Every structure is written in structure tokens, then in C-alpha cells.
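Peer 1: Please find one structure pasted underneath; my questions will follow.
The values are calculated or read from the model by the stated rules, or taken from the named source; none is laboratory data. The structure displayed is predicted, hence computed values, not measured ones. Ideal geometry is used to build each Cβ from the backbone, glycine not excepted, and the neighbour counts take in all protein chains shown. Side chains included, ligands, DNA and RNA excluded: accessible areas come from the protein's heavy atoms. Shrake-Rupley method; radii C 1.70, N 1.55, O 1.52, S 1.80 Å.
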Amino acid sequence: MEQGNWNVDEMLHWLDMKINREDRDIREQSKKMNGNFLHFFEWNAESLYKSHFMSGCYKILRQAVDGAKDMDTVRNIVEDNIAYCESKLLNGQVDCNSSSRTTNVAHFLKLECMQQLVRDYRNSRISLRKRLPKRICNRRLIKQKRREKSRLKER
């Protein structure tokens, strides 16, 4: 298995875990909402909104990564997503100034989600740099490492 393919698979797996967690939260919160909407809206509506927003962002990123041909493309996709979120956070409006209080709250929640997305995307970018685990390396890579070690010992 090539290093690049392993990293893409790891990235897709990481995104699947994120999507599954958010979708699970959405299902659980939806059940609570259907039980007592007024109580849910007062205490948990923000969490449900954030879960929907995050799930949508992860799904868009997953689709883009799934269509990527190589690791450079994946890194560029992640970097572009980081840059987009940072631009919205740094250059966008802090307040929505809408006449709708709900729209203002939604805008604020999106900004909080974008902060989390930047953290998540940066963490995923770090994992893209990781090397292929030895247990699944092909023999050629193992032999190459052994040769390098023996050369260092000889010096």
C-alpha cells in the first residue's frame, strides 16, 4: 500500500467518524426534541444546530477528499478549508445585525463551528504527515529503513 493512499484512507476514516458522531447526536437530539419541544428548544437547540452545521461541513470535505487523486490534492483541500474558515472568522462580521434574533444566534453559532472546524482541520493536517505504520509497510520500505540504520551505525 502506498503512503499516499494510506493517508487518504485515514483521512476518510477520520471524516466518517466525525460524520457518524454528529449524525448520532442529531438523531438523539431529534428524539428529545420530539418529546418536549419547548424544553428542548430552550436548553438544546444550539447543540442541534451545531451538529447539523458540522455534519454538513464534514460531508462536503469527505466528498472532496474521496474524489482526490493524491495526497497533495488532499492537503490543498484541507488548506483551502482552513483558509476559508479563517477568512470568515477574521474578516467576516462578528454580529449579523438581523432583525431576527434567531438569525443572529445562528450566525454566532456558525462562527463557533468554524473555530472548531479550523482546529479539526489542523489536526487532520497533522495526521496527513504521519508515516505509514510498520505493520502494514511493504517489505521494500522495511528493508530500506534497515539499510539506512546500518549506514548510520557504520559512520
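Peer 1: (1) touching a residue at least 24 places away in the same chain (Cβ under 8 Å); (2) in a helix (DSSP H, G or I): which one isn't true of Gly56, the others all being true?
Peer 2: All conditions pass for Gly56, except number (1).
Peer 1: Out of Leu48, Leu61, report the one residue that is surrounded by 18 or more Cβ atoms within 10 Å (Cβ to Cβ) and more than 14 Å from Lys110 (Cα to Cα). Steps first, please.
Peer 2: Numbers: Leu48 fails: more than 14 Å from Lys110 (Cα to Cα).
Testing whether each residue is surrounded by 18 or more Cβ atoms within 10 Å (Cβ to Cβ) and more than 14 Å from Lys110 (Cα to Cα) leaves just Leu61.
Peer 1: Still on this structure: Would you confirm whether any residue within segment 4-18 is open to solvent by 40 Å² or more (accessible area, probe 1.4 Å) and farther than 25 Å from Ala68 by Cα? Steps first, please.
Peer 2: The initial filter retains those residues of segment 4-18 that are open to solvent by 40 Å² or more (accessible area, probe 1.4 Å), namely 5, 9-10, 13-14, 16-17.
Applying the additional criterion that residues be farther than 25 Å from Ala68 by Cα yields none.
No, there is no match, as no residue in segment 4-18 is open to solvent by 40 Å² or more (accessible area, probe 1.4 Å) and farther than 25 Å from Ala68 by Cα.
Peer 1: For segment 64-103, what are the residues that are open to solvent by 90 Å² or more (accessible area, probe 1.4 Å), under 18 Å from Ser124 (Cα atoms) and among the hydroxyl-bearing types (Ser, Thr, Tyr)?
Peer 2: Tyr84
Peer 1: Kindly indicate whether Arg62 is basic (Lys, Arg) and touching a Leu at 6+ places or on another chain (Cβ under 9 Å).
Peer 2: Values: basic (Lys, Arg): yes; touching a Leu at 6+ places or on another chain (Cβ under 9 Å): yes.
It is true that Arg62 is basic (Lys, Arg) and touching a Leu at 6+ places or on another chain (Cβ under 9 Å).
Peer 1: Could you please give the count of residues in segment 106-151 that are among the aliphatic types (A, V, I, L, M) and modelled with pLDDT of 90 or more? Lay out the reasoning, then the answer.
Peer 2: Our first condition is that a residue be among the aliphatic types (A, V, I, L, M); within segment 106-151, this holds for 106, 109, 111, 114, 117-118, 126, 128, 132, 136, 141-142.
In the following step, the residues that additionally are modelled with pLDDT of 90 or more were identified as 106, 109, 111, 114, 117-118.
Looking only at that region, the number is 6.
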